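Before any comments, here is the structure.
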Amino acid sequence: MKLLYLIPFISAFVGWLAIRIAIKWLFHPRAPKKILGIPFQGFFPKRQPQLAEKLGKLISSELLSFSDIEKKIINPENTAKLMPYVEGHIDQFLRVKLAEQMPVISMFIGDSTIQQLKLVFVAELERLFPLVMQNYIGNLKQDLELEKIISSKLALFLSDKFENILHTIMSKEFRFLEIFGVILGFLIGLIQVVLTLIC
């Protein structure tokens, strides 16, 4: 009869153990292992290629798309931020480099001509820059297979670091699940004892 009252504690331990094994099974074993002839592998390691592929597709199309990068680069506000640097570079070129490379021509170019040339060059570059960048992004999109790069990086990341990150972020949740397993196991054991005593 005394052993009957141990049932809730045994059930609590079994509940805790079941949750503990389930959490461990998310990540281990990393490589497939046979137990009694049945192959076992952790959930995340087993689904790693599919997870990496789907996440790669999602990130490259939704979170880090070339169209978003293109919009940001050719945004007139961002182009305007570059213009003071471009203007300074053109000024340096017209006043110093041109005088070094073509001293005869530089003798006929005064300050007012330099200012006019700068305005023309800057205006042309402001018009040309978005077109050049659009063309560059288009070529980059073809040459750089972003989805494949992200997927391959994620495959390595998921195998090496994912478990540590998930344990760091969700340690409280995992602990709660273990406590929940203990409580649930204890309650089931208690119900078994009550039912045994009633019957």
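Derivation of every value follows stated rules applied to the coordinates shown; laboratory data play no part. These figures come from a predicted structure and were not determined experimentally. Cβ atoms come from the backbone with ideal geometry, glycine included; neighbour counts cover every protein chain shown.
Below are the figures for this structure:
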item: Rounded FRET efficiency, nearest 0.05, which uses the C-beta distance separating Gln115 from Asp68 and R0 of 45 Å; result: 0.75
item: For Phe40, distant residues with modelled amide H under 5 Å away; result: Lys33, Lys34, Ile35
item: Burial order of peptide ranges 172-178, 48-54 (average beta-carbon count within 10 Å, highest first); result: 48-54, 172-178
item: Global form of region 26-119, assessed from the alpha-carbon gyration tensor, a/c cut-off 1.5; result: prolate
item: Gained length - Phe180 relative to Ile149, 0.36 nm times residue gap less alpha-carbon distance; result: 7.1 nm
item: Extension gain (nm, one decimal) between Lys46 and Tyr136, 0.36 nm per residue minus Cα-Cα; result: 28.5 nm
item: Selected from Ser152, Ser112, Ser11 as most flexible by GNM, with the chain as the system and alpha-carbon contacts under 10 Å; result: Ser112
item: The chain - Debye-derived log10 I(q)/I(0), Cα point model, q = 0.14, 0.18, 0.19 Å⁻¹; result: -0.97, -1.18, -1.22
item: Distance between modelled label sites at Phe9 and Glu126, nm, 7 Å Cα→Cβ extension; result: 8.3
item: Sorted by Cβ density within 10 Å, fewest first, the residues Asp91, Asp68; result: Asp68, Asp91
